[in-house]
2 protein chains.
Amino acid sequence: MENKEISQAVISRLPRYFRYLGELKDEGIERISSQELSDIMKVTASQIRQDFNNFGGFGQQGYGYKVEYLYEEIGKILGLDKTHNLIIIGAGNLGQALANYMNFERRGFLFKGMFDNNPALYGKKIRDMQVRPMEEMEQFVKENNIDIAVLTIPKTEARAVAEKLVRNGIRGIWNFAHVDLNVPKEIQVENVHLSDSLMKLTYNINRFEQESPGC
Amino acid sequence: MENKEISQAVISRLPRYFRYLGELKDEGIERISSQELSDIMKVTASQIRQDFNNFGGFGQQGYGYKVEYLYEEIGKILGLDKTHNLIIIGAGNLGQALANYMNFERRGFLFKGMFDNNPALYGKKIRDMQVRPMEEMEQFVKENNIDIAVLTIPKTEARAVAEKLVRNGIRGIWNFAHVDLNVPKEIQVENVHLSDSLMKLTYNINRFEQESPGC
(Lines give C-alpha, C1' and ligand atoms only; values in the text may rest on other atoms or scores of the structure.)
Protein backbone atom coordinates (compact mmCIF):
# COMPACT_ATOMS: atom_id res chain seq x y z
CA MET A 1 0.00 0.00 0.00
CA GLU A 2 1.20 3.48 -0.77
CA ASN A 3 1.91 5.70 2.14
CA LYS A 4 0.51 8.97 0.84
CA GLU A 5 -1.95 11.04 2.80
CA ILE A 6 -5.54 9.95 2.22
CA SER A 7 -8.33 12.46 2.81
CA GLN A 8 -10.85 11.97 5.59
CA ALA A 9 -13.58 12.19 2.94
CA VAL A 10 -12.23 9.01 1.33
CA ILE A 11 -11.86 7.34 4.74
CA SER A 12 -15.47 8.20 5.54
CA ARG A 13 -16.62 6.31 2.49
CA LEU A 14 -14.61 3.12 3.18
CA PRO A 15 -16.97 1.63 5.81
CA ARG A 16 -19.85 2.03 3.38
CA TYR A 17 -17.96 0.11 0.67
CA PHE A 18 -17.15 -2.51 3.29
CA ARG A 19 -20.80 -2.81 4.23
CA TYR A 20 -22.04 -3.23 0.65
CA LEU A 21 -19.29 -5.69 -0.21
CA GLY A 22 -20.16 -7.73 2.88
CA GLU A 23 -23.76 -7.93 1.68
CA LEU A 24 -22.69 -8.96 -1.84
CA LYS A 25 -20.42 -11.61 -0.36
CA ASP A 26 -23.28 -12.94 1.80
CA GLU A 27 -25.41 -13.16 -1.35
CA GLY A 28 -22.73 -15.33 -2.98
CA ILE A 29 -21.69 -12.75 -5.60
CA GLU A 30 -18.06 -13.28 -6.58
CA ARG A 31 -17.30 -10.48 -8.99
CA ILE A 32 -18.66 -6.99 -9.59
CA SER A 33 -17.86 -4.17 -12.02
CA SER A 34 -17.42 -0.61 -10.81
CA GLN A 35 -20.56 0.24 -12.82
CA GLU A 36 -22.65 -2.37 -10.99
CA LEU A 37 -21.26 -1.26 -7.66
CA SER A 38 -22.03 2.32 -8.68
CA ASP A 39 -25.67 1.41 -9.41
CA ILE A 40 -26.34 -0.21 -6.05
CA MET A 41 -24.38 2.33 -4.00
CA LYS A 42 -25.65 5.38 -5.89
CA VAL A 43 -22.21 6.94 -6.30
CA THR A 44 -20.51 7.39 -9.66
CA ALA A 45 -18.26 4.65 -11.03
CA SER A 46 -15.54 7.25 -11.42
CA GLN A 47 -15.79 8.11 -7.70
CA ILE A 48 -15.41 4.43 -6.85
CA ARG A 49 -12.34 4.05 -9.07
CA GLN A 50 -10.80 7.22 -7.66
CA ASP A 51 -11.41 6.08 -4.09
CA PHE A 52 -9.91 2.64 -4.71
CA ASN A 53 -6.91 4.14 -6.53
CA ASN A 54 -5.85 5.62 -3.20
CA PHE A 55 -5.09 2.08 -2.12
CA GLY A 56 -3.55 0.76 -5.31
CA GLY A 57 -6.74 0.08 -7.28
CA PHE A 58 -7.75 -3.49 -6.26
CA GLY A 59 -8.89 -4.53 -9.71
CA GLN A 60 -8.23 -5.03 -13.36
CA GLN A 61 -9.68 -2.58 -15.85
CA GLY A 62 -12.68 -4.08 -17.65
CA TYR A 63 -12.59 -7.17 -15.51
CA GLY A 64 -14.37 -6.09 -12.37
CA TYR A 65 -13.48 -6.54 -8.71
CA LYS A 66 -13.33 -9.81 -6.82
CA VAL A 67 -15.90 -9.23 -4.07
CA GLU A 68 -14.33 -11.30 -1.31
CA TYR A 69 -10.80 -10.05 -1.97
CA LEU A 70 -11.98 -6.42 -2.03
CA TYR A 71 -14.03 -6.94 1.14
CA GLU A 72 -11.02 -8.34 2.95
CA GLU A 73 -8.59 -5.71 1.71
CA ILE A 74 -10.86 -2.86 2.77
CA GLY A 75 -11.36 -4.61 6.10
CA LYS A 76 -7.58 -4.66 6.58
CA ILE A 77 -7.29 -0.99 5.67
CA LEU A 78 -9.93 -0.24 8.31
CA GLY A 79 -7.94 -2.22 10.87
CA LEU A 80 -10.59 -4.91 11.19
CA ASP A 81 -8.06 -7.74 10.87
CA LYS A 82 -6.93 -6.86 14.40
CA THR A 83 -8.93 -6.91 17.62
CA HIS A 84 -9.46 -3.80 19.71
CA ASN A 85 -10.15 -3.63 23.43
CA LEU A 86 -12.80 -1.12 24.43
CA ILE A 87 -14.33 0.28 27.57
CA ILE A 88 -17.59 2.18 27.84
CA ILE A 89 -17.76 5.14 30.17
CA GLY A 90 -21.34 5.92 31.09
CA ALA A 91 -23.67 2.96 31.70
CA GLY A 92 -26.94 4.72 30.79
CA ASN A 93 -29.25 3.66 27.97
CA LEU A 94 -26.85 4.71 25.23
CA GLY A 95 -23.86 2.94 26.80
CA GLN A 96 -25.96 -0.18 27.27
CA ALA A 97 -27.23 -0.02 23.69
CA LEU A 98 -23.65 0.04 22.39
CA ALA A 99 -22.54 -2.74 24.75
CA ASN A 100 -25.36 -4.96 23.51
CA TYR A 101 -24.70 -4.42 19.83
CA MET A 102 -23.39 -7.85 18.79
CA ASN A 103 -22.07 -6.79 15.41
CA PHE A 104 -19.27 -4.76 16.97
CA GLU A 105 -17.84 -7.92 18.52
CA ARG A 106 -18.02 -9.76 15.22
CA ARG A 107 -15.77 -7.03 13.79
CA GLY A 108 -13.13 -7.46 16.49
CA PHE A 109 -14.30 -4.78 18.92
CA LEU A 110 -14.11 -6.39 22.35
CA PHE A 111 -15.90 -4.63 25.18
CA LYS A 112 -13.86 -5.24 28.32
CA GLY A 113 -15.31 -2.94 30.94
CA MET A 114 -18.03 -0.46 31.72
CA PHE A 115 -17.85 2.44 34.17
CA ASP A 116 -20.28 4.85 35.77
CA ASN A 117 -20.37 7.18 38.74
CA ASN A 118 -23.85 6.15 39.82
CA PRO A 119 -23.52 3.68 42.76
CA ALA A 120 -26.97 2.26 41.96
CA LEU A 121 -25.46 0.77 38.78
CA TYR A 122 -22.29 -0.74 40.33
CA GLY A 123 -22.23 -4.48 39.80
CA LYS A 124 -25.08 -4.44 37.30
CA LYS A 125 -24.35 -6.95 34.55
CA ILE A 126 -24.49 -5.80 30.94
CA ARG A 127 -23.50 -8.52 28.48
CA ASP A 128 -20.55 -10.09 30.28
CA MET A 129 -19.48 -6.89 32.01
CA GLN A 130 -20.22 -5.58 35.44
CA VAL A 131 -20.53 -1.84 35.82
CA ARG A 132 -17.57 -0.54 37.84
CA PRO A 133 -17.06 2.73 39.72
CA MET A 134 -15.34 5.51 37.78
CA GLU A 135 -12.50 5.48 40.32
CA GLU A 136 -11.35 2.13 38.94
CA MET A 137 -11.15 3.35 35.35
CA GLU A 138 -7.55 4.55 35.19
CA GLN A 139 -6.12 1.38 36.73
CA PHE A 140 -8.30 -0.75 34.45
CA VAL A 141 -7.16 1.01 31.27
CA LYS A 142 -3.52 0.49 32.19
CA GLU A 143 -3.89 -3.16 33.18
CA ASN A 144 -6.14 -4.39 30.37
CA ASN A 145 -4.47 -2.97 27.30
CA ILE A 146 -7.48 -0.82 26.40
CA ASP A 147 -7.22 0.90 23.00
CA ILE A 148 -10.53 2.68 22.71
CA ALA A 149 -12.83 4.41 25.19
CA VAL A 150 -16.46 5.08 24.36
CA LEU A 151 -17.74 8.23 26.08
CA THR A 152 -21.47 8.13 26.75
CA ILE A 153 -21.48 10.65 29.57
CA PRO A 154 -22.76 14.24 29.88
CA LYS A 155 -20.65 16.97 28.34
CA THR A 156 -19.83 18.48 31.72
CA GLU A 157 -17.67 15.47 32.63
CA ALA A 158 -16.33 14.50 29.24
CA ARG A 159 -13.21 16.67 29.07
CA ALA A 160 -11.91 15.68 32.51
CA VAL A 161 -12.48 12.00 31.77
CA ALA A 162 -10.74 12.33 28.39
CA GLU A 163 -7.67 13.78 30.10
CA LYS A 164 -7.48 10.81 32.46
CA LEU A 165 -7.83 8.40 29.55
CA VAL A 166 -5.02 10.09 27.65
CA ARG A 167 -2.74 9.95 30.70
CA ASN A 168 -3.31 6.21 30.91
CA GLY A 169 -2.47 5.36 27.34
CA ILE A 170 -5.73 5.28 25.42
CA ARG A 171 -5.30 5.53 21.63
CA GLY A 172 -8.76 6.50 20.48
CA ILE A 173 -11.97 8.00 21.86
CA TRP A 174 -15.41 7.39 20.39
CA ASN A 175 -17.12 10.48 21.74
CA PHE A 176 -20.89 10.71 22.17
CA ALA A 177 -20.68 13.58 24.69
CA HIS A 178 -22.00 16.78 23.19
CA VAL A 179 -18.73 18.67 23.36
CA ASP A 180 -15.50 18.73 21.35
CA LEU A 181 -12.59 17.23 23.30
CA ASN A 182 -9.15 18.79 23.62
CA VAL A 183 -6.69 15.93 23.33
CA PRO A 184 -3.16 15.66 21.90
CA LYS A 185 -3.07 15.04 18.16
CA GLU A 186 -1.77 11.47 18.56
CA ILE A 187 -5.08 10.53 20.18
CA GLN A 188 -7.73 9.86 17.56
CA VAL A 189 -11.24 11.13 18.27
CA GLU A 190 -14.39 10.25 16.38
CA ASN A 191 -17.38 12.33 17.40
CA VAL A 192 -21.00 11.24 17.21
CA HIS A 193 -22.88 14.43 17.99
CA LEU A 194 -26.47 13.24 17.83
CA SER A 195 -28.09 16.67 18.20
CA ASP A 196 -26.01 18.01 15.32
CA SER A 197 -27.26 15.21 13.12
CA LEU A 198 -30.89 15.82 14.07
CA MET A 199 -30.53 19.56 13.35
CA LYS A 200 -29.10 18.82 9.94
CA LEU A 201 -32.21 16.74 9.26
CA THR A 202 -34.59 19.56 10.21
CA TYR A 203 -32.57 22.00 8.12
CA ASN A 204 -33.06 19.78 5.08
CA ILE A 205 -36.76 19.27 5.80
CA ASN A 206 -37.40 23.00 6.10
CA ARG A 207 -35.23 23.85 3.15
CA PHE A 208 -37.03 21.39 0.93
CA GLU A 209 -40.39 22.82 1.90
CA GLN A 210 -39.35 26.40 1.24
CA GLU A 211 -38.17 25.39 -2.21
CA SER A 212 -41.25 23.30 -3.02
CA PRO A 213 -44.19 25.33 -1.68
CA GLY A 214 -46.62 23.28 -3.77
CA CYS A 215 -45.84 20.02 -1.98
CA MET B 1 -32.06 35.09 3.11
CA GLU B 2 -30.75 34.24 -0.34
CA ASN B 3 -32.17 31.21 -2.00
CA LYS B 4 -29.04 29.77 -3.55
CA GLU B 5 -28.00 26.16 -3.09
CA ILE B 6 -25.92 25.67 0.05
CA SER B 7 -23.59 22.69 0.22
CA GLN B 8 -24.16 19.89 2.71
CA ALA B 9 -20.65 20.52 4.02
CA VAL B 10 -21.72 24.01 5.15
CA ILE B 11 -24.97 22.64 6.60
CA SER B 12 -22.98 20.05 8.54
CA ARG B 13 -21.03 22.83 10.24
CA LEU B 14 -24.05 24.92 11.26
CA PRO B 15 -25.06 22.85 14.31
CA ARG B 16 -21.52 23.16 15.63
CA TYR B 17 -21.62 26.97 15.32
CA PHE B 18 -24.98 26.86 17.04
CA ARG B 19 -23.56 24.80 19.89
CA TYR B 20 -20.57 27.08 20.48
CA LEU B 21 -22.70 30.23 20.26
CA GLY B 22 -25.13 28.75 22.79
CA GLU B 23 -22.24 28.20 25.18
CA LEU B 24 -20.93 31.74 24.68
CA LYS B 25 -24.43 33.09 25.26
CA ASP B 26 -24.73 31.06 28.48
CA GLU B 27 -21.41 32.55 29.60
CA GLY B 28 -22.84 36.03 29.10
CA ILE B 29 -20.60 36.95 26.16
CA GLU B 30 -22.34 39.49 23.94
CA ARG B 31 -19.97 40.02 21.04
CA ILE B 32 -17.27 37.95 19.37
CA SER B 33 -14.91 38.49 16.43
CA SER B 34 -14.48 35.85 13.75
CA GLN B 35 -10.88 35.50 14.97
CA GLU B 36 -11.95 34.73 18.55
CA LEU B 37 -14.58 32.30 17.29
CA SER B 38 -11.90 30.75 15.09
CA ASP B 39 -9.62 30.24 18.11
CA ILE B 40 -12.17 28.43 20.24
CA MET B 41 -13.65 26.37 17.40
CA LYS B 42 -10.32 25.52 15.77
CA VAL B 43 -11.45 26.42 12.25
CA THR B 44 -9.98 29.32 10.27
CA ALA B 45 -11.59 32.75 10.51
CA SER B 46 -11.82 32.75 6.74
CA GLN B 47 -13.83 29.51 6.84
CA ILE B 48 -16.22 31.08 9.36
CA ARG B 49 -16.71 34.19 7.21
CA GLN B 50 -17.25 32.08 4.10
CA ASP B 51 -19.78 29.87 5.86
CA PHE B 52 -21.71 32.86 7.22
CA ASN B 53 -21.65 34.61 3.84
CA ASN B 54 -23.91 31.84 2.54
CA PHE B 55 -26.60 33.35 4.74
CA GLY B 56 -25.91 37.02 4.16
CA GLY B 57 -22.98 37.44 6.54
CA PHE B 58 -24.59 38.22 9.96
CA GLY B 59 -22.02 40.80 10.97
CA GLN B 60 -20.19 44.00 10.32
CA GLN B 61 -16.60 43.84 9.14
CA GLY B 62 -14.20 44.70 11.97
CA TYR B 63 -16.99 44.88 14.48
CA GLY B 64 -17.59 41.27 15.39
CA TYR B 65 -20.77 39.26 15.66
CA LYS B 66 -23.54 39.77 18.20
CA VAL B 67 -23.61 36.39 19.93
CA GLU B 68 -27.30 36.20 20.76
CA TYR B 69 -28.44 37.47 17.37
CA LEU B 70 -26.16 35.04 15.56
CA TYR B 71 -27.29 32.16 17.80
CA GLU B 72 -30.92 32.91 17.02
CA GLU B 73 -30.43 33.38 13.31
CA ILE B 74 -28.56 30.11 12.95
CA GLY B 75 -31.28 28.45 15.05
CA LYS B 76 -33.88 29.73 12.59
CA ILE B 77 -31.88 28.49 9.61
CA LEU B 78 -31.76 25.06 11.26
CA GLY B 79 -35.52 25.16 11.70
CA LEU B 80 -35.30 25.29 15.51
CA ASP B 81 -37.81 28.15 15.76
CA LYS B 82 -40.49 25.58 14.89
CA THR B 83 -41.51 22.46 16.75
CA HIS B 84 -41.30 19.02 15.18
CA ASN B 85 -43.32 15.96 16.09
CA LEU B 86 -41.34 12.74 16.24
CA ILE B 87 -41.98 9.06 16.72
CA ILE B 88 -39.41 6.44 17.63
CA ILE B 89 -39.62 3.06 15.97
CA GLY B 90 -37.76 0.44 17.98
CA ALA B 91 -38.03 0.65 21.79
CA GLY B 92 -34.72 -1.04 22.60
CA ASN B 93 -31.87 0.58 24.50
CA LEU B 94 -31.01 3.00 21.72
CA GLY B 95 -34.61 4.11 21.18
CA GLN B 96 -35.00 4.60 24.92
CA ALA B 97 -31.76 6.56 25.14
CA LEU B 98 -32.98 8.97 22.47
CA ALA B 99 -36.43 9.28 24.06
CA ASN B 100 -34.84 10.19 27.38
CA TYR B 101 -32.50 12.81 26.01
CA MET B 102 -34.02 16.00 27.44
CA ASN B 103 -32.08 18.40 25.25
CA PHE B 104 -33.97 17.36 22.14
CA GLU B 105 -37.21 18.59 23.67
CA ARG B 106 -35.64 21.89 24.62
CA ARG B 107 -34.87 22.38 20.91
CA GLY B 108 -38.46 21.78 19.83
CA PHE B 109 -38.28 18.08 19.07
CA LEU B 110 -41.40 16.58 20.61
CA PHE B 111 -41.48 12.81 20.98
CA LYS B 112 -45.10 11.77 20.50
CA GLY B 113 -45.03 8.00 20.22
CA MET B 114 -42.88 4.91 20.40
CA PHE B 115 -43.42 1.63 18.56
CA ASP B 116 -42.04 -1.87 18.72
CA ASN B 117 -43.02 -5.33 17.56
CA ASN B 118 -42.10 -7.02 20.83
CA PRO B 119 -45.33 -7.64 22.83
CA ALA B 120 -43.31 -7.73 26.07
CA LEU B 121 -42.72 -3.99 25.63
CA TYR B 122 -46.30 -2.94 24.81
CA GLY B 123 -47.57 -0.47 27.38
CA LYS B 124 -44.12 0.09 28.90
CA LYS B 125 -43.76 3.76 29.81
CA ILE B 126 -40.73 5.68 28.53
CA ARG B 127 -40.82 9.37 29.42
CA ASP B 128 -44.47 10.18 28.81
CA MET B 129 -44.93 7.63 26.07
CA GLN B 130 -46.27 4.12 26.14
CA VAL B 131 -44.75 1.67 23.72
CA ARG B 132 -47.33 0.75 21.07
CA PRO B 133 -47.53 -2.20 18.67
CA MET B 134 -46.08 -1.59 15.20
CA GLU B 135 -49.52 -2.21 13.67
CA GLU B 136 -50.70 1.12 15.10
CA MET B 137 -47.86 3.12 13.55
CA GLU B 138 -49.40 4.11 10.21
CA GLN B 139 -52.64 5.35 11.74
CA PHE B 140 -50.70 7.24 14.42
CA VAL B 141 -48.49 9.03 11.89
CA LYS B 142 -51.51 10.21 9.93
CA GLU B 143 -53.51 11.35 12.95
CA ASN B 144 -50.77 13.09 14.94
CA ASN B 145 -49.08 15.23 12.33
CA ILE B 146 -45.76 13.41 12.70
CA ASP B 147 -42.85 15.03 10.79
CA ILE B 148 -39.94 12.84 11.70
CA ALA B 149 -39.49 9.13 12.40
CA VAL B 150 -36.47 7.83 14.26
CA LEU B 151 -35.54 4.32 13.13
CA THR B 152 -33.81 2.30 15.83
CA ILE B 153 -34.65 -1.12 14.44
CA PRO B 154 -32.56 -3.85 12.79
CA LYS B 155 -31.62 -3.36 9.17
CA THR B 156 -33.76 -6.29 8.02
CA GLU B 157 -36.95 -4.37 8.86
CA ALA B 158 -35.86 -0.82 8.12
CA ARG B 159 -36.69 -0.56 4.43
CA ALA B 160 -40.22 -1.95 4.76
CA VAL B 161 -40.94 0.37 7.70
CA ALA B 162 -39.56 3.36 5.78
CA GLU B 163 -41.94 2.62 2.89
CA LYS B 164 -44.91 2.64 5.26
CA LEU B 165 -43.76 5.91 6.78
CA VAL B 166 -43.43 7.55 3.37
CA ARG B 167 -46.93 6.38 2.38
CA ASN B 168 -48.31 8.06 5.48
CA GLY B 169 -46.76 11.46 4.99
CA ILE B 170 -43.53 11.49 6.99
CA ARG B 171 -41.11 14.27 5.95
CA GLY B 172 -37.84 13.10 7.45
CA ILE B 173 -36.22 9.92 8.74
CA TRP B 174 -33.43 9.84 11.30
CA ASN B 175 -32.02 6.44 10.43
CA PHE B 176 -29.95 4.42 12.90
CA ALA B 177 -30.58 1.13 11.07
CA HIS B 178 -27.40 -0.12 9.45
CA VAL B 179 -28.67 0.11 5.88
CA ASP B 180 -29.21 2.88 3.34
CA LEU B 181 -32.91 3.55 2.75
CA ASN B 182 -34.52 3.91 -0.67
CA VAL B 183 -37.03 6.74 -0.32
CA PRO B 184 -38.29 9.41 -2.73
CA LYS B 185 -36.06 12.46 -2.91
CA GLU B 186 -38.63 14.70 -1.17
CA ILE B 187 -38.14 12.64 2.01
CA GLN B 188 -35.07 13.79 3.89
CA VAL B 189 -32.90 11.09 5.46
CA GLU B 190 -30.11 11.60 7.95
CA ASN B 191 -28.13 8.44 8.63
CA VAL B 192 -26.29 7.66 11.84
CA HIS B 193 -24.35 4.54 10.93
CA LEU B 194 -22.57 3.79 14.20
CA SER B 195 -20.40 0.95 12.89
CA ASP B 196 -19.13 3.16 10.08
CA SER B 197 -18.08 5.76 12.62
CA LEU B 198 -16.28 3.17 14.79
CA MET B 199 -14.43 1.80 11.76
CA LYS B 200 -13.28 5.28 10.82
CA LEU B 201 -11.84 5.58 14.31
CA THR B 202 -9.85 2.33 14.02
CA TYR B 203 -8.60 3.35 10.59
CA ASN B 204 -7.21 6.54 12.07
CA ILE B 205 -5.69 4.74 15.06
CA ASN B 206 -3.93 2.20 12.86
CA ARG B 207 -2.87 4.76 10.32
CA PHE B 208 -1.33 6.95 12.99
CA GLU B 209 0.62 4.02 14.37
CA GLN B 210 1.97 2.98 10.99
CA GLU B 211 3.22 6.51 10.43
CA SER B 212 4.73 6.90 13.90
CA PRO B 213 6.43 3.57 14.66
CA GLY B 214 8.41 5.13 17.50
CA CYS B 215 5.34 6.01 19.53
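Where does each of B:Glu211, A:Glu5 land when they are ordered by accessible area, with a 1.4 Å probe and the largest first? Don't jump to the answer; show the numbers that get you there.
Details: B:Glu211 85, A:Glu5 150 Å².
Putting B:Glu211, A:Glu5 in descending order of accessible area: A:Glu5, B:Glu211.
Cα centroid distance between the stretch A:41-118 and the stretch B:26-43, in Å?
36
Per residue, what accessible area does the protein assembly as shown have, given a 1.4 Å probe and all protein chains present, in Å²? The partial results should precede the final answer.
Values: 20750 Å² over 430 residues.
Value for the protein assembly as shown: 48 Å² per residue.
What nm distances, shortest first, do you get from the label point of B:Thr83 to those in the other copies when the point sits 7 angstrom along Cα to Cβ?
5.0
Placing the label point 7 Å from Cα along the Cα-to-Cβ direction, what are the distances from A:Tyr63 to the equivalent spots in the other copies, shortest first, in nm to one decimal?
6.6
Can you tell me the Rg and Dmax of the protein assembly as shown, counting just the alpha carbons, in angstroms?
Rg, Dmax (Cα atoms, Å): 22.4, 63.
Lysine pairs in the stretch A:111-215 8 or more apart or on different chains: how many have alpha carbons under 23 angstrom apart?
12
Mind listing the phi-derived Karplus ³J(HN,Hα) values for the stretch B:69-83, rounded to whole Hz, using 6.51, -1.76 and 1.60 with θ = phi - 60°, and x for any glycine or proline?
4, 5, 4, 6, 5, 5, x, 5, 4, 6, x, 8, 7, 10, 9
Give me the summed buried accessible area for the B-A pair, 1.4 Å probe, to the nearest 100 Å². Don't skip to the answer; put the middle values down first.
Details: alone 13440 and 13440 Å², together 20750 Å².
It comes to approximately 6100 Å² buried between B and A.
At 222 nm, what helix-only mean residue ellipticity would chain A give, in deg cm²/dmol to the nearest 500, using -39500 (n - 2.57) for each DSSP H run of four or more? Present the calculation step by step, with values, prior to reporting the outcome.
Numbers: 9 runs with 97 residues, N = 215.
Result for chain A: -13500 deg cm²/dmol, rounded to the nearest 500.
Within the protein assembly as shown, what whole-number % of the accessible surface is contributed by carbon and sulfur, with the 1.4 Å probe and all protein chains included in the calculation?
Working: 9460 of 20750 Å².
Within the protein assembly as shown, the accessible surface is 46 percent carbon and sulfur.
Write down the percent of antiparallel bridges among all DSSP beta bridges whose residues are both part of the protein assembly as shown, to the nearest 5. Don't skip to the end; give the middle numbers.
Numbers: 10 of 52 bridges.
Antiparallel: roughly 20 percent of the beta bridges in the protein assembly as shown.
Have a look at the DSSP beta bridges in the stretch A:88-207 and tell me what percent are antiparallel, nearest 5. Could the numbers behind the result be given before it?
Values: 2 of 17 bridges.
The antiparallel proportion sits near 10 percent.
Mind ranking A:24-31, B:176-183 by how tightly packed they are, going by the mean number of other C-beta atoms within 10 angstrom, highest first?
Working: A:24-31: 12.6, B:176-183: 18.9.
The densest-packed peptide leads the list: B:176-183, A:24-31.
In chain B, what percentage of the DSSP-assigned beta bridges are antiparallel, given to the nearest 5? Intermediate results must be reported in sequence, preceding the final value.
On the way: 5 of 26 bridges.
Once the DSSP bridges in chain B are tallied, antiparallel ones form about 20 percent.
If you place +1 on the Cβ of every Lys and Arg, -1 on the Cβ of every Asp and Glu, and leave all else neutral, what size is the dipole of the protein assembly as shown about its Cα centre, to the nearest 20 Debye? Can you show the working numbers first?
On the way: 54 positive and 58 negative charges, 57 e Å.
Result for the protein assembly as shown is approximately 280 debye, rounded to the nearest 20.
So what are the ³J(HN,Hα) numbers for the stretch B:154-159, from phi and the Karplus equation (6.51, -1.76, 1.60; θ = phi - 60°), rounded to whole Hz, Gly and Pro as x?
Per residue, the Karplus-derived 3J(HN,Hα) values read x, 5, 4, 9, 4, 5 Hz.
Can you give the alpha-carbon Rg of chain B over 2.2 N^0.38 Å, where N counts its residues? Display every interim value, and only then the final one.
Values: Rg = 20.6 Å, N = 215, 2.2 N^0.38 = 16.9 Å.
Normalised by 2.2 N^0.38 Å, the Cα Rg of chain B equals 1.22.
Per-residue mean of other chain beta-carbon atoms within 10 angstrom of the beta-carbon, peptide A:46-58? Present the calculation step by step, with values, prior to reporting the outcome.
Details: counts 0, 0, 0, 0, 0, 0, 0, 0, 0, 0, 0, 0, 0.
Average per residue, whole number: 0.
Using +1 at the C-beta of Lys and Arg and -1 at the C-beta of Asp and Glu, which of A:Ile77, A:His178, A:Val166 has the Cα lying farthest in the positive direction of the dipole of chain A?
A:Val166
Heavy-atom accessible surface, probe 1.4 Å, ligands and DNA/RNA ignored: which residues of the stretch A:174-192 lose at least 50 Å² versus the isolated chain?
So the qualifying set is A:Trp174, A:His178, A:Asp180, A:Gln188, A:Glu190.
Straight-line reach from B:Lys66: which aspartates and glutamates have Cα under 19 Å away, leaving out those fewer than 8 places along the same chain?
Partners found: B:Glu23, B:Asp26, B:Glu27, B:Glu30, B:Glu36, B:Asp39, B:Asp51, B:Asp81.
Inter-copy label distances at B:Ala45, 7 Å along the Cα→beta-carbon direction, one decimal in nm, shortest first?
The projected label point of B:Ala45 is separated from its counterparts by 4.9 nm.
The values are calculated or read from the model by the stated rules, or taken from the named source; none is laboratory data. This structure is a prediction, so every number in the text was calculated from the model and none was measured. Note: ideal-geometry Cβ built from the backbone for every residue, glycine included; neighbour counts use all protein chains shown. Protein only, heavy atoms only, side chains kept; ligands, DNA and RNA dropped before computing areas. Shrake-Rupley method; radii C 1.70, N 1.55, O 1.52, S 1.80 Å.
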